[in-house]
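Every read-out reported here was derived from the displayed coordinates using simple, explicitly stated rules and does not represent laboratory data. On a predicted model such as this, the values are computed, not experimentally measured, just so you know. Counting neighbours? That spans all protein chains shown, and the Cβs are built from the backbone with ideal geometry, glycine included.
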Amino acid sequence: MIMMRRWWVAVSVVTAAAVTVVGCSAGSDAGLMAQAGPTAIPHGVIRCHAWAGGQLPDPGCSPGSRNAAVSAATVRRTVCAPGWVDARRLPAAMVNDQLKSLMTAYGYGGMPLDRFAVAYVVPLEVGGSPGTAGDLSNLWPVPAGSKMPTTVALVRGRVCAGTMQLTAAQNQFRRDWRALGRTVGAL
């Protein structure tokens, strides 16, 4: 069992690159940023449950994670620098593979891929981890047409202007991006 303060995910190792989640639960401290989560999702093994019509991820399966290179001290030369975020986006082929795994885990297996997109719990634009083939802790499948990109753009603008703290933005995205969207006027 991996202990993360009030977050826990019980896992059993399937292979060196994959784990099977056998239970998820979240405590009340949504302000803590979990730094660990499922590292890989074998097809058909994990059952995650999106909330609010798919607009919010399962915090036990997709707890969100930060990019260690981004901090309040580095924000100007990282997420606010032109091209920095785009250079960290995953290649399209990897995104499609991850989307298939995430859709299966969240119970959307068999649905057309074009009805979903890979979303970052903590967006890259505010210092979220880009994810890798072995780390899906910051990703979840969001239905196409989500209003999240508008919220991300407005919040990034505020972080880069210095009117919103980086860690506050990260934690608010992790809790409920829709509430944050209402706060910044995106929804």
Completion exercise
Dividing the surface of the Cα convex hull of the stretch 132-177 by four yields a projected area in nm² of 4.0
Completion exercise
A correct Karplus calculation of ³J(HN,Hα) over the stretch 138-145, with 6.51 cos²θ - 1.76 cosθ + 1.60, θ = phi - 60°, whole Hz and x for Gly and Pro, returns 10, 10, 7, x, 10, x, 4, x
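Mind checking the stretch 54-122 for trypsin sites (Lys or Arg not before Pro) that DSSP puts in a loop (not H, G, I, E or B) and that have at most 15 other Cβ atoms within 10 Å?
ARG76, ARG77, ARG89
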Handout entry: Rg/Rg_globular for the stretch 48-128, with Rg_globular taken as 2.2 N^0.38 Å and Rg from C-alpha atoms
Key = 1.23
